[in-house]
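Undergrad: Take this structure, written in structure tokens, and hold onto it; I'll ask about it next.
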Amino acid sequence: MTTRVILVRHGESTYNLQARVQGHCDESVLTEKGHRGAHQVGTALQGIQFDAIYASPLQRAQETAEIVLSVLRSTGAMPDLRSVGSLKEIALPLWEGLSFAEVEQKFPEGYRYWKEQPHLLQMEVPGPEGPTLLLPVPALYEQAQKFWQEILPRHWGETILLVAHSGINRALIGTAIGLAPERYQTLHQSNCGISVLNFPRGWGHPAQLESLNSTAHLGEALPQPRSGYRGLRLLLVRHGETDWNRQGRFQGGIDVPLNDTGREQAQQVAEFLKGVPINFALSSPMSRPRETAEHILKHHPDICLQVMDGLREISHGQWEGKLEAEIEQHFPGELHRWREHPAEVQMPQGENLAQVWERAIAAWEGLVASVKADPAAPKVGLVVGHDATNKVILCHVAGAGPEQFWSFKQGNGAVSIIDYPTADGAALVQSMNITTHLGGGVLDRTAAGAL
């Protein structure tokens, strides 16, 4: 039984609007837009039965949770809202209330650490017995771990809703899927963005990030970058469904085409991305991603699709064309090893994950470097790939290793957004595995078929 956790960041607050640091400060309240966003979250979550609802005690999160709960209760019974101190936002006592511009001016070294190496940020906080040295980001990760250790055993196999803040949500997701504190800035959380985590075996075992920072319910297809953004944005899409996806048959290097559902999904992705400016497009050379990309580019007729061999799907060798039961019969125990220790498995007469990692990351980094090298190059690209190659790319940009391969879900027709805000900066995962455009709502209801 899986415990499902839906995380929501609070709605836009007065401090968000003023670009001020909030942290533990509790003077910030929801704006009109924040109230509206909270209502939209409640509407998006209707139809999901929650067994527990927790929120940070800070009023911007409490307001959001109360609005969401009122919308949910309009269609049925819901549990009472519980306030939990361990869902409070990161503590930044020397900065709270200041604008980010003031922080950058008054604390230039600390601000640089915050942006580039957040786990090394230190604050010396005065106290009655002398100053205390605070490491805000590592402390937040400890807070997140304690929350999971306390809450998850209470809700085995249940569905719970958490309404909190950008920082603590990132720490909760990071600790769940094994990202280190130095990756604190990697996963974005928009106001009223929705993320979904699954814990198949509780705390202490790998969790799965089903989706990150979905914002379609707010009327914006994709999370919007900051005003004046001039960096690179890559739209990473998984191909639509095939008959073998639906059957749970391993396809890998076999060139299985889209089925009718897959073509419909490709058209839905195309409609979803219709208003997004796309400057260039790449695809795996295999027919299922290539056809998916061609559907998307019907709304962008001036873009020529290029193929990139490094994006092709993992070769399963002798597993290809087989169902799980058949693989277990011929290769007993290997499927279990593939699920538990994917980096250790050599596909018989096929590839291992290290080989896929090497070619997919080389292709991805080559693409990023080529666009960054030319200041005049177009900055929004479409990349259409497969389950395994997309997971490898997401692991790479998030700072995860091959052992975390299963931590990132990729549904058929799912969209992920990866930004490179600066020429020499790290990647920012704006959203991941968004499938709301496929008609299933917040949850990914695409085929759970083999790779």
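No value in this document is a laboratory result; all are computed from the given coordinates. Note that the structure is predicted; figures quoted are calculated from it, not measured. Positions of Cβ are backbone-derived with ideal geometry, glycine not excepted, and every protein chain shown enters the neighbour counts.
Undergrad: How far is it, in nm, from the label point at Phe100 to the one at His299 when both lie 7 Å from their Cα along the line to the Cβ?
TA: So the two model labels end up 2.8 nm from each other.
Undergrad: Hey, what angle do you get for helix 260-272 against the long axis of the chain, alpha-carbon based, 0 to 90 degrees rounded to 10?
TA: For helix 260-272, the angle is close to 40 degrees.
Undergrad: Quick check: the distance between the Cα centres of the range 125-192 and the range 254-272, to the nearest angstrom?
TA: Cα centroid to Cα centroid, the span is 38 Å.
Undergrad: Sequence neighbours fewer than 8 away in the same chain don't count; with that in mind, list the lysines whose C-alpha is under 17 Å from Lys146.
TA: Once the sequence-local lysines are set aside, what remains near Lys146 is Lys88.
Undergrad: Using the beta-carbon distance between Val380 and Ile48 and R0 = 45 Å, what value does 1/(1 + (r/R0)^6) give for FRET efficiency, to the nearest 0.05? Can you show the working numbers first?
TA: Working: r = 33 Å, r/R0 = 0.72.
FRET efficiency, Val380 to Ile48: 0.85.
Undergrad: Return the whole-Å distance between the Cα centroid of the range 16-69 and the Cα centroid of the range 325-368.
TA: 41 Å
Undergrad: Also: Work out from phi, with θ = phi - 60° and the Karplus expression 6.51 cos²θ - 1.76 cosθ + 1.60, the ³J(HN,Hα) of each residue of the range 18-28, listed in order in whole Hz, and give x for Gly and Pro.
TA: Rounded to whole hertz, the list is 8, 6, 10, 6, 9, x, 6, 4, 10, 8, 7.
Undergrad: If packing is taken as the mean number of other Cβ atoms within 10 Å per residue, what is the order of 24-32, 290-298, 427-435, highest first? It would help to have the intermediate numbers written out before the result.
TA: On the way: 24-32: 17.1, 290-298: 20.9, 427-435: 25.2.
Put in order of decreasing packing, that is 427-435, 290-298, 24-32.
Undergrad: Ok, one more. How about Lys115: which lysines have a C-alpha closer than 19 Å to its C-alpha, ignoring those fewer than 8 places off in the same chain?
TA: Qualifying lysines at Cα under 19 Å: Lys106.
Undergrad: Antiparallel as a % of all DSSP beta bridges within the chain, to the nearest 5? Could you put the intermediate results ahead of the total?
TA: On the way: 28 of 56 bridges.
Bridges in the chain are about 50 percent antiparallel.
Undergrad: Average the reciprocal distances over every distinct pair of alpha-carbons in the range 3-218, invert the result, and give the Kirkwood radius in Å. Kindly include the intermediate steps, with their values, before the conclusion.
TA: Numbers: mean 1/r = 0.0567 Å⁻¹.
Evaluated on the range 3-218, it is 17.6 Å.
Undergrad: Cut-off under 18 Å on the C-alpha distance; same-chain residues fewer than 8 positions from Lys298 excluded. Which lysines are left, in chain and number order?
TA: Lys274
Undergrad: Mind giving me the FRET efficiency for Glu27 and Arg201? R0 is 56 Å, r the Cβ-Cβ distance, nearest 0.05 is fine.
TA: 0.85
Undergrad: In debye, nearest 20: dipole of the chain around its Cα centre with unit charges on the Cβ of K, R (+) and D, E (-)?
TA: Values: 38 positive and 49 negative charges, 112 e Å.
Dipole of the chain, to the nearest 20 debye: 540 debye.
Undergrad: Compute the FRET efficiency between Glu358 and Thr2 as 1/(1 + (r/R0)^6), taking r as their Cβ-Cβ distance and R0 = 45 Å, and round to the nearest 0.05.
TA: That pair, Glu358 with Thr2, gives E of 0.90.
Undergrad: Report, for the range 3-218, the % of DSSP beta bridges that are antiparallel, rounded to 5. Please list the in-between numbers first.
TA: On the way: 15 of 28 bridges.
So the antiparallel bridges in the range 3-218 amount to around 55 percent.
Undergrad: A follow-up question, please. If I fit a long axis through the Cα atoms of helix 166-177 and take the longest principal axis of the Cα atoms of the chain, what angle between them do I get, 0 to 90°, rounded to 10?
TA: Here the helix axis deviates by roughly 40 degrees.
Undergrad: Considering the dipole of the chain built from charges on the beta carbon (Lys and Arg +1, Asp and Glu -1) around the Cα centre, which of Pro181, Leu232, His217 is farthest to its positive end?
TA: Sorting the options by dipole projection puts first His217.
Undergrad: So for each of 123-135, 336-348 I average, over its residues, the number of other beta carbons within 10 Å; can you give me the resulting order with the highest mean first? Walk me through the intermediate numbers first.
TA: Values: 123-135: 10.6, 336-348: 14.9.
The peptides rank, most packed first, as 336-348, 123-135.
Undergrad: Mind sorting Met1, Met78 by how few other Cβ atoms lie within 10 Å of their own Cβ, fewest first? Don't skip to the answer; put the middle values down first.
TA: Details: Met1 9, Met78 19.
In order of increasing Cβ crowding within 10 Å: Met1, Met78.
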